[in-house]
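Notes for the one structure printed next.
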Amino acid sequence: MSDRGQQTPPPAAPTPEPAAPAGSPGGSQPAQETPSAPADTTDSPAVPSTDPPGGSSSSTAAAPPPYQPAVSAPEVAVEPIEIREAPFTLLTEETGEAGGRPDAERLSPARRRTRTILLSSLLAAVVAGVAALGWFYWQIHSQRDVTLNLPAQVAELTLSTSDNAESATTYLQTALAAEVDLDDTVGGAYDGPGDKDVLIFGGTALIWSPDKDLKTSFDLFADDEGAVAGLHDVDAGPLGGSMKCGTTKSEGQDMPVCGWADHGSLALAMFPGRSESEAAPLMRQLRKAIQTRD
């Protein structure tokens, strides 16, 4: 018979041998279990195995423990912040001391009396300073705007128009302006009876220290025969300010010189042929006729 169209039957499967009991000398080793795939731990924490050590793994996976939410930290009560009027205090809460001294000593009558005296002295000094400063600025305000004009006649004196008188007064005005900063200057010679002439010159400006500038201006009379001697204060009259008189030498003879200064003007005058007792009243008379305040 032909073999075409016949199929060869598959070989028979081998018959499994029965497993030998554990511990038998001729038995084979137990088959090892294939480890199962690891569980997904992305969303739940890993569960430790509950198999006893050395034991075989259970074929069925243990159920994960129930989800427990994370325990938050206990809330801490926030105490309110106390804001004081001052950034710190010198008084301690325990002893009520200030600067390390008890209240009884700090407020003792002797200390209160000393403090009162000190505060009173300080207040008096402040008041005196303010009053002096106010007086100073009032003087400046009332004296700063001044005009000087030489009238043609002052009492028994007549203003000279000669060239010699004009030349002499022009020279003296220039010299005075070099010593004291003046805005405008004037000058003239007055003829008096019995050759008792008067030569006067001055100017206007805001003068902060009239007494000091007046002393400086008397240096104009210093020459080879000497400087002004016996310079002293005299009554300035109703116009106030400072007025001084002294004596200098002219051709070997004593000649009285006087001058005035306030916060708006300064002037000097020479009185040849007169005594100092005559010069001071005449200087006040000339000033009254020459000076006007706006």
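Descriptive notes on the structure:
- Looking only at residues in segment 207-249 that are aliphatic (A, V, I, L, M) and in a strand (DSSP E or B), the one that is nearest to LEU182 (Cα to Cα) is MET243.
- Residue within segment 190-206 that is touching a Ser or Thr at 6+ places or on another chain (Cβ under 6 Å) and either part of a helix (DSSP H, G or I) or among the aliphatic types (A, V, I, L, M) (or both) present: no
- Of all the residues in segment 186-209, those that are under 16 Å from ALA152 (Cβ atoms) and in contact with an Asp or Glu (Cβ under 7 Å, 6 or more places away or on another chain) number 5.
- Which listed residue is over 25 Å from ASP145 (Cα atoms) and surrounded by 16 or more Cβ atoms within 10 Å (Cβ to Cβ), from LEU268, LEU220: LEU220
Rule-based calculations on the coordinates, nothing more; no lab input. Model, not experiment: these values are computed from the prediction. Because the Cβ atoms are built from the backbone with ideal geometry, glycine has one as well, and the counts that use them run over all protein chains shown.
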